[in-house]
Every structure is written in C-alpha cells, then in structure tokens.
1. For the stretch 28-39, state whether one or more residues are open to solvent by 30 Å² or more (accessible area, probe 1.4 Å) and of a type outside the set (A, V, I, L, M, F, W, C).
2. Going by the conditions given, is residue 62 in contact (Cβ under 8 Å) with a residue 12 or more places away in the chain, touching a Gly at 6+ places or on another chain (Cβ under 6 Å), away from ligand 2 (no atom under 16 Å from the Cβ) and closer than 18 Å to residue 121 by Cα?
3. Out of all the residues in the stretch 74-122, which are under 17 Å from residue 36 (Cα atoms) and either touching a Phe, Trp or Tyr at 6+ places or on another chain (Cβ under 6 Å) or of a type in the set (Phe, Trp, Tyr) (or both)?
4. For residue 305, only one of the following conditions fails: (1) free of Cβ contacts under 8 Å to residues at least 60 places away in the same chain; (2) over 28 Å from residue 54 (Cα atoms). What is its number?
5. What are the residues in the stretch 135-160 that are open to solvent by 20 Å² or more (accessible area, probe 1.4 Å), more than 12 Å from ligand 1 (Cβ to nearest atom) and within 15 Å of the chain's Cα centre (by Cα), if any?
6. Part of a helix (DSSP H, G or I) and open to solvent by less than 10 Å² (accessible area, probe 1.4 Å), is that true of residue 45?
7. Search the stretch 195-215 for residues that are farther than 17 Å from residue 97 by Cβ and pair each with any residue that is open to solvent by 70 Å² or more (accessible area, probe 1.4 Å) when their beta-carbon atoms are under 8 Å apart and the residues are at least 6 apart or on different chains.
8. List the pairs whose first member sits in the stretch 105-119 and is in contact (Cβ under 8 Å) with a residue 40 or more places away in the chain and among the polar types (S, T, N, Q), whose second member is open to solvent by less than 10 Å² (accessible area, probe 1.4 Å) and away from ligand 2 (no atom under 16 Å from the Cβ), and whose Cβ atoms are under 7 Å apart, counting only residues at least 6 apart or on separate chains?
Amino acid sequence: MTIISNCTASALKDAATSLIAGNLVAFPTETVYGLGADATNKHAVARIYEVKGRPSDHPLIVHVSSMELLDKWACKIPEYAIKLAREFWPGPMTLVLPRTSIAKDFVTGAQDTIAVRVPSHPVAVQLLKEFETLGGLGVVAPSANRFGKVSPTNSKAVEEEIGKFLLESDQILDGGSSQIGIESTIIDCTKDVPVILRPGYLTSEIIESFLSVNLKKFDSTSNKIMAPGLLEAHYSPNAKVILNGVPQPGDGFIALADVPTPIGAVRLASPKDNNEYAQELYNALRLADSKGIETVQVITPVEKGFGVAINNRLTKAAH
Ligand code: TXA
Ligand code: MG
C-alpha cells in the first residue's frame, strides 16, 4: 500500500486510474476518511467487505462528484430530495432513494434502495471528477475502519486501522484532518416525508426549517432491514466508554473545555464547542487506546442541534 501525502492533480489522476483498475483507494472527506472502490466492480467491492471485516448485507454509500450523476443510481426521486440535494450538496449529507439497475445487490446488500452522497472535501471532489472522466459512475466508500471500530479522521488513523489488510497496489490519500469529524447525516427519501436514519452535522432542526416539514422519527424496531449498519454498538475503541459517570484516577476523560479534569484523570480532549467536540472525538478515543487506558469517562454535550449526532456516536461507543 502507498500513502500519498501530496495529493497533486496528477496524483489524483493516478488514484482514479487505480480505482478504475479495481484497486482500493482510501481518501479524505469532510466527515471521516472513506475506503473507496469502483461501485460497479463486484470484485473490488467484495474486497472492501474483506478489508473492513464487514457483514455483506450492510449496504454502502455511493459517492459522486455532483448531483448530475444522481439519477444514474437513484430513481423516483421526490421533490424534497431534489431540494435537499441542491441546498446541501456537496456536503455531509447522504440520501437513501429507490435504486436503478446500475446499483447492484453487492452494493445495496440486496435492498431496493441506494445511498448516495456528494462530498465536499477538495481531494474527494477531484478524485471523483477524475474517476468520472475515465468513465466511472460512482465510488463506494464506507468509513475506513474495521467493522464496529472508530472511524478514522486522518490518514495515520486509516493506516493503523486497515493498513495491514491493504494490498501493495492500494493507496491511502492524505488530505489532513476531516473538518467535521463524524459521519454524514443519512436521510431516507423513500417516503412522503424524510426520515433521518443517522444524525450528523446537518441537523433535523435545519432540515425541518429548510423544507418546512416535521420530520418523522426513525423507528429502529420496524426499520431493521433498511439500515442494518445502524447497530446499537459501533464506533467502539478497545477501552470501555462510560457516559456521565464518576471518573477514577487513571481513567481517560473527554468533556467540553469548561468542565475541569477530575483529579487523577487523563484529559483526552477539551473541545470548546460542539464543532470541536465532533472534530476531536474519534482521535481522543484512539488516543485512549494508544495510551493503554482501560476506561474513558465522557461528559456528553447537550442533546440539541449537532449535540444529537455526537451523543448518538457516544451512546454506541459506550454500548
Ligand atoms: O460520512 C460518511 O457517510 C462516510 C464518508 C466516508 O462518506 N461514510 C460512511 O459509510 O459512514 P459507512 O458505510 O461507514 O456507513 C454507511 C451507513 C451504514 O450504517 C449503512 O447501513 C447505511 O449507511 N446505509 C447504506 N446504504 C443504505 C441504504 N440503502 N438504506 C439504509 N441505510 C443505508
Ligand atoms: Mg462506518
């Protein structure tokens, strides 16, 4: 595997060529780093599942460089989904829509829907553009971590997570630290009203006021098949994560900067607001593991706005 630290135009052209040839390319997005493969190449997509150790019925998100390619992958697109795409793409939003025949079972986990995203990170955008220039239709990219583990937000974390499972012909593109730090908001657009399947930076408050609708609440009991990846336990470091508990000396500690560090605890992050909280969270959990810390105590942010998505990841990490 090669790590490309200087993502020049020609390096990204090479990476796109490599994707077309069926290799894997891990790349930065504004949310987290993704592990990319040509979404039409069954063999390449199968390797993603192998490298991640992910069950094959967990569907993948197809990434494209612009909204123009949406109807290659999705059909019966409701008006509100078009509005969302126009407003919030490129950006940290994934839309789930009825699939076309281009979206094969090996991408969708045999579901009738496909998840699509247009990322905004300049390296991702350029890589996708080059890939499309070469005739590619879309790049599947799950977060570039082993199944159930913490998503990587920089190239070093990608290397630590999956480096040893990649082949010599695979690449990791370095584009600095992901600005948002947690995964995209996933919105089910197959019903009359959108449903948030996974909260993210784009909050339900923003979507509700933009579309002037009341969003339906996601019911995880009746939607098991639709989003098998939305498991109760996920994003987990080796350390045990405890939310709003009483820290003991030697425990790791994550909280907003205005919360003082309890005596003897090891401060892992002091974000000054929720944006920094999300940016730093996954690295802080990795830091705990690299320090051999066994328990991480976390003071959760207020369950409002972006805090909802942060708490969603924390609850799963603590499960
Ligand atoms: O921010 C992100 O979305 C990152 C970056 C790399 O783009 N990607 C990402 O992919 O988080 P992944 O595979 O780690 O998580 C995708 C989630 C899974 O929980 C999966 O079950 C759900 O999306 N998903 C994918 N296709 C779906 C579909 N057709 N219906 C419902 N859920 C779907
Ligand atoms: Mg993931």
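The values are calculated or read from the model by the stated rules, or taken from the named source; none is laboratory data. As the structure is a prediction and not an experimental result, all values here were calculated from the model. We place every Cβ from the backbone using ideal geometry, glycine too, and count neighbours over all the protein chains shown. Note: accessible area is taken over every heavy atom of the protein model, side chains too, but ligands, DNA and RNA are not part of it. Shrake-Rupley method; radii C 1.70, N 1.55, O 1.52, S 1.80 Å.
1. Just the residues of the stretch 28-39 that are open to solvent by 30 Å² or more (accessible area, probe 1.4 Å), to begin with: none.
Within the stretch 28-39 (the criterion being open to solvent by 30 Å² or more (accessible area, probe 1.4 Å) and of a type outside the set (A, V, I, L, M, F, W, C)), the answer is no, since none of the residues qualifies.
2. Taking the combined requirement at face value, the residue does not satisfy it.
3. Matches in the stretch 74-122: 92, 103, 106, 114, 116, 118.
4. Residue 305 satisfies every listed condition except (1).
5. If we filter the stretch 135-160 for residues that are open to solvent by 20 Å² or more (accessible area, probe 1.4 Å), which is where we start, we get 135, 137, 143, 146-147, 149, 154, 156, 159-160.
Add one more test, that the residue is more than 12 Å from ligand 1 (Cβ to nearest atom), and what stays is 135, 137, 154, 156, 159-160.
If the condition is that a residue be open to solvent by 20 Å² or more (accessible area, probe 1.4 Å), more than 12 Å from ligand 1 (Cβ to nearest atom) and within 15 Å of the chain's Cα centre (by Cα), then 154 is the only one that fits.
6. Details: part of a helix (DSSP H, G or I): yes; open to solvent by less than 10 Å² (accessible area, probe 1.4 Å): yes.
Yes; evaluated as a whole, the condition is true for this residue.
7. Partner pairs satisfying both residue conditions: 208/214; 210/83; 210/87.
8. Here the result reads 108/114; 113/97, each pair linking the stretch 105-119 to a residue that is open to solvent by less than 10 Å² (accessible area, probe 1.4 Å) and away from ligand 2 (no atom under 16 Å from the Cβ).
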